[in-house]
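The values are calculated or read from the model by the stated rules, or taken from the named source; none is laboratory data. Fair warning: this is a prediction, and the values are worked out from it, not measured in the lab. Note: ideal-geometry Cβ built from the backbone for every residue, glycine included; neighbour counts use all protein chains shown.
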Amino acid sequence: MKIRSAIALTVLLVAGSAAADGRDHDHDRARRAVESGQILPLKDILARAEAAFPGELIEAELEERHGTMVYEIKMLGSGGRVMKLYYDAATGDLVHARSRERRP
């Protein structure tokens, strides 16, 4: 369950930084977007990413690209390949994928 541990750590770090300065951060906007049905929950996107590209989660971000909310998922696959996967946050469709060898 390495992915769950990485997500929990990311959420704790983001929540801690938000509490420290009191600003409305990306995770707050993301939570509201999920609650209103505008985007899918990250867990749904991670399940799709794991099924299509087995590996270990490195990082997950929600960002806006060209007016569309997109989840950027970085996975470490077999043989040390780093996959960057871009999923449409509203539909869950994979919109772009690229990989590279991990540098030491």
Item to check | Residue that is nearest to A47 (Cα to Cα) [pool: residues in the range 70-104 that are under 15 Å from the mean Cα position of the chain (by Cα) and part of a loop (DSSP other than H, G, I, E, B)] | outcome: G92
Checklist entry - Can you tell me which residues in the range 26-44 are small (G, A, S) and surrounded by 13 or more Cβ atoms within 10 Å (Cβ to Cβ)? => result A30, A33
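Among the residues of the range 1-44 satisfying the criterion of being outside any helix (DSSP H, G or I) and aliphatic (A, V, I, L, M), which is modelled with the lowest pLDDT?
Looking at residues that are outside any helix (DSSP H, G or I) and aliphatic (A, V, I, L, M), I get M1.
Tell me which residues, restricted to the range 45-60, are assigned to a helix (DSSP H, G or I) and loosely packed, with under 15 Cβ neighbours inside 10 Å. So that I can check it myself, show each step before the final result.
At the first step, the residues of the range 45-60 found to be assigned to a helix (DSSP H, G or I) are 45-52.
Residues satisfying the conditions are A47, A51, A52.
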